[in-house]
Amino acid sequence: MLWVVTGASSGIGLELSKLLCLKGFRVVGVAKSRERLEGVRSELGNCFDYIATDLSTIDGVRRVVESVKSFGAVDVLVNNAGFGLYKTVLEHRAENVASMAMTNFVTPIVLVKELLHHMKKGSAVVMVITAGIHAVMKELPIYGATKIALHYASKAFRSCFEFHKGL
């Protein structure tokens, strides 16, 4: 079983990758830092392959899609990559907002759309969001906004997939 996990070099993505390898699954980890991913690979062994790319860019997303083809059909896509900055809305630079929106919201949607052609019937997609979407996150407002947008898009995806199951 092949899992693709974004944000696999730290935090939830790293711990999930470790657990999946322990359970005998094959994991393709995606993150920006090749060095960190190589460290994960040396720790986990052959069950872990990786794609080093920047998911805050469309080129990074395209690289994932192109690279995943060489690993075979994807059983589970875990859209986990994300980041936030502890600033008020007005303190964020335009580049911060764009990068966060891309990584936390756009990339997961595009990955699902583009990887569907490489997923088997019965495959799954997991969107890692945050419980913080249910309250205003005053210290992480742009992060919260991007994650609530992802939550909304995930619900739209679900209804789209349910519609197509009936055909």
If Lys121 passes every condition in (1) surrounded by 15 or more Cβ atoms within 10 Å (Cβ to Cβ); (2) modelled with pLDDT under 95 but one, which one does it miss? (1)
Any hit, segment 37-56, residues being modelled with pLDDT of 95 or more, closer than 24 Å to Ala156 by Cα and either within 12 Å of the chain's Cα centre (by Cα) or not acidic (Asp, Glu) (or both): yes
Out of everything in segment 57-83 that is at pLDDT 95 or above and in a loop (DSSP other than H, G, I, E, B), what residue ends up being nearest to Tyr143 (Cα to Cα)? Phe83
If you go through Leu111, Leu90, Leu115, the only one that is of a type in the set (A, V, I, L, M, F, W, C), loosely packed, with under 12 Cβ neighbours inside 10 Å and either over 18 Å from the mean Cα position of the chain (by Cα) or under 24 Å from Leu16 (Cβ atoms) (or both) is Leu90
Single residue of Arg63, Arg36 found to be closer than 14 Å to Glu114 by Cα and either touching a residue at least 12 places away in the same chain (Cβ under 8 Å) or surrounded by 17 or more Cβ atoms within 10 Å (Cβ to Cβ) (or both): Arg63
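The values are calculated or read from the model by the stated rules, or taken from the named source; none is laboratory data. Please read all numbers here as calculations on a predicted model, not as lab measurements. Please note: Cβ atoms are built from the backbone with ideal geometry, for glycine as well, and neighbour counts cover all protein chains shown.
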